[in-house]
Structure formats: C-alpha cells, structure tokens
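First up is the structure itself, then whatever we jot down about it.
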Amino acid sequence: HNQIAWMYFLSKNYQQGLIHADKALTCDGKNSNAYDTRGAILYRLGKYDQAIKDFESALEIDSVCSNSYYFRELCYMKKHENAKACSDLETVQKHKDYEIPAGERPIEILVEEMKRWEEEEREGEKKE
C-alpha cells in the first residue's frame, strides 16, 4: 500500500494517496516509510501539524529517514518556525546521498529562503 500511496503522491492525487498510506499503517504500524509518505501527503494538503507528527513517528522508528527531515523542515518553514526548520535542514544537508523527491525544491534554494527569512526577522526586530 505504501508504494501505491507514494505513486499517488507523485501524481498529486493526495486523497487517494492518503487512503493507501492509512492502509499501509494499518497493516504495519511500525513502517517508517508509510509514516513518511502520509506525512508528505499531509504536508501537500496543508495539514502541517499532522504531517509533523507523522514525520516524528517515522524518525522514532528510523532516525536516518532523510525524507522525513526534509518534509518536516518544509512544514516548519510554512509555520515560520525557523529555528526548527534550520535544524532539520542542517540534518538533511549532512546526508550527502539524499535525493530530493521529484518536484521538490533543491536544498540550496531552501537554504537561501531560510537566510532571507532570518534577515527579515532581524530587520523586524530592529524596527520594534
């Protein structure tokens, strides 16, 4: 079910992907890949808090699940939790063999976005 869920994710059919990710977790509640897949789908659906919980579950099972760090970092960026996002981004960067999922932004672009956000935060603090 998880492979089917990921294929639905890649084809942007998130609702069907969510159904299959749930089935995968029903079959095997210790499947880090299924938590990761469901988290990625929830991220695409804008359900960042739920996605973060799934990525945390995946990382509890498999602490080197780079995809979970990558997508959790994106969730934190969307929530403007920059310190947490930076931490996850640093972890992803340490995994040299990590390949960005199809259709996602390269890490270098994310690093630039984080730097820009940090600069904007510093400028905002100066104005206050």
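The values are calculated or read from the model by the stated rules, or taken from the named source; none is laboratory data. Just so you know, these numbers come straight off a predicted model, no measurement behind them. Just the protein is used for accessible areas: all its heavy atoms, side chains included, with ligands, DNA and RNA removed. Shrake-Rupley method; radii C 1.70, N 1.55, O 1.52, S 1.80 Å.
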List the pairs from Lys12/Lys94; Lys53/Lys84; Lys47/Lys84; Lys23/Lys79; Lys53/Lys94 whose alpha-carbon separation is above 25 Å, in the order I gave them. Lys12/Lys94; Lys23/Lys79
Looking at the square roots a ≥ b ≥ c of the eigenvalues of the Cα gyration tensor of the range 27-75, which shape do they give, rounded for a/c under 1.5, prolate if a/b is larger than b/c, or oblate? oblate
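Classify the range 7-101 from the C-alpha gyration tensor, please: rounded if a/c falls under 1.5, else prolate or oblate depending on whether a/b exceeds b/c.
Numbers: a/c = 1.70, a/b = 1.39, b/c = 1.22.
Judged from the Cα gyration tensor, the range 7-101 comes out prolate (a/c at least 1.5, a/b above b/c).
Put Ser57, Ser11, Ser68 in order of accessible area, largest first, 1.4 Å probe: what do you get? Present the calculation step by step, with values, prior to reporting the outcome.
Details: Ser57 35, Ser11 75, Ser68 0 Å².
The ranking, largest first, comes out as Ser11, Ser57, Ser68.
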